[in-house]
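Right, one structure below, let's go through it.
The values are calculated or read from the model by the stated rules, or taken from the named source; none is laboratory data. It should be emphasised that the depicted structure is a prediction, and the values quoted were computed from it without experimental measurement. Surface accessibility is based on the protein's heavy atoms, side chains included, excluding ligands, DNA and RNA. Shrake-Rupley method; radii C 1.70, N 1.55, O 1.52, S 1.80 Å.
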Amino acid sequence: LFIYRFMAKNVKGDEKIMKKIIITFISLLMLTGCSSDAKITKINGSKAKELIKSEAVLIDVRTKEEYKEKHIEGAINIPHTEISKVEYDKDTKIIVYCRSGNRSNMAAEELLSLGYKNIYDLGSMDNY
């Protein structure tokens, strides 16, 4: 109502234009109110183990060579440079880790941008 009164006083001319402006403004307000629940959660080893028991996917985002040398049992290897190729349901719980936490953070951010909603960053493999 406030917007309508303001527009009526300040916008001279066609009422159709005024209605279009108001509808556009309200639409923008509604869109900005719609935010995603998706986020990246930093976790420790005990939380990772708990999530794995509840069928979370554990992804080692290091190189294939690093993965072959040593990895957490049950982890799959998808290097961070290839993380955009994952094809899970967007609600799947996904845990990522690497050597120091840098690549896992990059992979988590990429997963977030792809629409995944339950992303957990273990950081370093040593945190497990």
Residue span Ile76 to Lys39: 0.36 nm per residue of separation minus Cα-Cα distance leaves a gain in nm of 11.1 nm
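Assuming a ≥ b ≥ c are the square roots of the Cα gyration tensor eigenvalues, decide whether the range 48-101 counts as rounded (a/c under 1.5), prolate (otherwise, with a/b larger than b/c) or oblate.
On the way: a/c = 2.15, a/b = 1.27, b/c = 1.70.
Oblate, because a/c is 1.5 or more while a/b does not exceed b/c.
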If you roll a 1.4 angstrom probe over the protein chains with everything in place, what fraction of the accessible area of the range 80-128 belongs to carbon and sulfur, to the nearest %?
42
